[in-house]
Amino acid sequence: MSLSRRSFLQASGVALAAGALPLKAEASGSQPALPVPPLLESRRGQPLFLTLQSAHWSFLGGAKAPVWGINGMYLGPTVKVHSGDDVKLIYSNRLAEPVSMTISGLLEPGTLTGGGARMMSPGVDWSPVLPIRQPAATCWYHANTPNRMGPHVYNGLAGMWIVEDEISKNLPLPNHYGVDDFPLIIQDKRLDGFGVPQYDTPASGGFFGDTMLVNGVQSPFVEVSRGWVRLRLLNASNARRYELSMSDGRPFHVVASDLGFLPAPMTVQRLSLAPGERREVLVDMSQGEEVSITAGEAAGVMERLRGLFEPSSILVSTLVLTLKPTGLLPLVTDNLPMRLLADQILSGNVIRTRDLRLGDSQPGVNGTMWDINRIDLTAQQGTWERWTIHADMPQSFHVEGVSFLVKSVNGAAPLVEDAGFKDTVWVDGDVELLVYFNQPSYEHFPFVYRSGALELADRGSAGNMLVQPSM
């Protein structure tokens, strides 16, 4: 990228002026409204259509950039399904290259998981019928094209997927989509001077951008009622982990993790969100005061200037979302429930212990690169195993088709917000998991366990898992 002397001086002035403003003042002038993806809900056996296609989107409020998306927009609609239903899903690939899709968090047999065995060539459809047989959870659907997951998700092939059940319908929690219950899909990108996303596969590690987006825009605001507000957080970034906090110090009330409700709400001041991880939080807006969610310190003036001339991995702004209360009466006035699940989460007898070491500068798992045609481990449906995951380079770790409990992190107790069942965890050192094999997989339709840093997974930090069906 080259700049004239005049352009450099103009850019320098803009950066210096922006750097001199406090975060709230910087955000209050021209904040965009939070885009809320349309809701696509399964009803009466009608199929759900998800068309993968080219689209255009304005990330910074100016000209629209060419992107990929689903159903004509960047990212995709929020899909809502109900436990007990059989949902027919029709994917249509209208892109110019092969793509495969998956739904992380949806507990289905390997035949329905997606991946290399379900690659859709251009112009081809895939129409699985999904039996929804699991507790309420916030999941996400996204590209899992072998060796191309990083660029495909970055281009826009991702969206939120919500499972409801009888418990979730009857709990006194906000559940009016787009009114007091909001999906927040957080990503980081590198945008050029015209707001067009730039992507280059890094030589090592995962991709990091300098612009944080929520539902496809930077630093948005949303008007909410004066009461409890529910935020469904999804980190759809390729490799970046976020540490979230409230600008005035008020807490997050965490009610759910990747695979459903925690036993009881957990109150935290800071909330981590690893790539691929989901968390549901409640925020108390009853006092009627505006508040923002932030993700740490933003880039300083020198980092911003440097970013004009070379790619930067330091976020220009770390403002996630501003909540602006309006109106007089909230939709949900109940106190926060003391418990969310009737029973404690129990684990079973461990029948096997495994150690998995994730690669860093040299990708792979236990020194072996992923091979689409090789089964790397075999397990039994309905059993428990103890896995110890090790990573020298901090990264998230994800497993398809299972649910696990985090038992320890570097020998210490896990975070309180990790008390529920999960499928994704941040690994910085050693993490001990109790893994339950909910669903079967098959030799030609295995489950994949992989690094949550998409570029590391694309380069071979993954493995195939065969889960023998229970008799």
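For the stretch 291-325, enumerate the residues that are modelled with pLDDT of 90 or more and open to solvent by 40 Å² or more (accessible area, probe 1.4 Å). Across the stretch 291-325, the qualifying residues are VAL316, LYS324. Counting just the residues of the stretch 45-104 that are open to solvent by 40 Å² or more (accessible area, probe 1.4 Å) and hydroxyl-bearing (Ser, Thr, Tyr), which one comes out nearest to ASP188 (Cα to Cα)? Looking at residues that are open to solvent by 40 Å² or more (accessible area, probe 1.4 Å) and hydroxyl-bearing (Ser, Thr, Tyr), I get SER54.
Among the numbered conditions (1) assigned to a loop (DSSP other than H, G, I, E, B); (2) more than 19 Å from the chain's Cα centre (by Cα); (3) modelled with pLDDT of 95 or more, the only one that PRO37 does not meet is (2).
Filtered by the rule that a residue be buried (at least 19 other Cβ atoms within 10 Å of the Cβ) and either assigned to a loop (DSSP other than H, G, I, E, B) or basic (Lys, Arg) (or both), the stretch 439-471 gives GLN439, PRO440, SER441, PRO446, ARG450, GLY452, ALA453, ARG459, GLY460, SER461.
Among the candidates VAL416, VAL409, VAL425, which residue alone is more than 20 Å from THR145 (Cβ to Cβ), without any contact (Cβ under 8 Å) to a residue 60 or more places away in the chain, of a type in the set (Val, Ile, Thr) and out of contact with any Lys or Arg (no Cβ under 9 Å at 6 or more places or on another chain)? Outline the logic, then answer.
Working: VAL416 fails: without any contact (Cβ under 8 Å) to a residue 60 or more places away in the chain; VAL425 fails: without any contact (Cβ under 8 Å) to a residue 60 or more places away in the chain.
Going through VAL416, VAL409, VAL425 in turn, the sole match is VAL409.
ILE162 meets each of the listed conditions (1) touching a Leu at 6+ places or on another chain (Cβ under 7 Å); (2) of a type outside the set (Lys, Arg); (3) touching a residue at least 60 places away in the same chain (Cβ under 8 Å); (4) not in a helix (DSSP H, G or I) apart from (1).
Which is touching a residue at least 24 places away in the same chain (Cβ under 8 Å), among the aliphatic types (A, V, I, L, M), open to solvent by less than 60 Å² (accessible area, probe 1.4 Å) and more than 25 Å from GLY260 (Cα to Cα), of LEU336, LEU358? Break it down stepwise before answering.
Values: LEU336 fails: more than 25 Å from GLY260 (Cα to Cα).
After ruling out the rest, the residue left standing is LEU358.
Per the listing SER83, SER54, SER58, the residue uniquely within 30 Å of LYS169 (Cα to Cα) and of a type in the set (Ser, Thr, Tyr) is SER83.
Suppose the filter is of a type in the set (A, V, I, L, M) and either without any contact (Cβ under 8 Å) to a residue 60 or more places away in the chain or within 27 Å of LEU456 (Cβ to Cβ) (or both); does LEU273 pass it?
It is true that LEU273 is of a type in the set (A, V, I, L, M) and either without any contact (Cβ under 8 Å) to a residue 60 or more places away in the chain or within 27 Å of LEU456 (Cβ to Cβ) (or both).
Checked against (1) charged (D, E, K, R); (2) under 22 Å from LEU234 (Cβ atoms); (3) at pLDDT below 95, ARG44 meets all criteria but (2).
Among the residues of the stretch 285-298, which ones are free of Cβ contacts under 8 Å to residues at least 60 places away in the same chain and in contact with a Lys or Arg (Cβ under 7 Å, 6 or more places away or on another chain)? Matches in the stretch 285-298: GLU290, VAL291.
Within the group ILE162, ILE167, ILE185, which residue is open to solvent by 10 Å² or more (accessible area, probe 1.4 Å) and either of a type outside the set (Gly, Ala, Ser) or farther than 28 Å from HIS444 by Cβ (or both)? Steps first, please.
Details: ILE162 fails: open to solvent by 10 Å² or more (accessible area, probe 1.4 Å); ILE185 fails: open to solvent by 10 Å² or more (accessible area, probe 1.4 Å).
The conditions single out ILE167.
I'd like to know if the stretch 145-156 contains one or more residues that are over 19 Å from MET101 (Cα atoms), open to solvent by less than 10 Å² (accessible area, probe 1.4 Å) and either of a type in the set (Ser, Thr, Tyr) or touching an Asp or Glu at 6+ places or on another chain (Cβ under 6 Å) (or both).
Pass one, the stretch 145-156, residues over 19 Å from MET101 (Cα atoms): none.
Checked the stretch 145-156: no residue is over 19 Å from MET101 (Cα atoms), open to solvent by less than 10 Å² (accessible area, probe 1.4 Å) and either of a type in the set (Ser, Thr, Tyr) or touching an Asp or Glu at 6+ places or on another chain (Cβ under 6 Å) (or both).
Consider PHE207 carefully, then state whether it is assigned to a strand (DSSP E or B) and crowded, with 20+ Cβ neighbours inside 10 Å. Spelling it out, it is not the case that PHE207 is assigned to a strand (DSSP E or B) and crowded, with 20+ Cβ neighbours inside 10 Å. The residues of the stretch 369-382 that are under 27 Å from the mean Cα position of the chain (by Cα) and open to solvent by 60 Å² or more (accessible area, probe 1.4 Å), listed by number, are MET369, ASP371, ILE372.
Take the stretch 116-135 and flag every residue that is hydrophobic (A, V, I, L, M, F, W, C), open to solvent by 50 Å² or more (accessible area, probe 1.4 Å) and assigned to a strand (DSSP E or B). Hit for the stretch 116-135 is VAL129, nothing else.
A Cβ distance below 6 Å, combined with a sequence gap of six or more or placement on separate chains, defines the contacts here; from the stretch 106-134, residues that are under 21 Å from VAL153 (Cα atoms) reach residues that are basic (Lys, Arg) in the pairs TRP126/ARG118.
The values are calculated or read from the model by the stated rules, or taken from the named source; none is laboratory data. Predicted model only: the values in this text are computed from it and were never measured. Don't worry about glycine lacking a Cβ; one is built from the backbone with ideal geometry, like all the others, and counts go over all protein chains shown. For the accessible areas, the whole protein counts, side chains as well, though only heavy atoms, and no ligand, DNA or RNA atoms are used. Shrake-Rupley method; radii C 1.70, N 1.55, O 1.52, S 1.80 Å.
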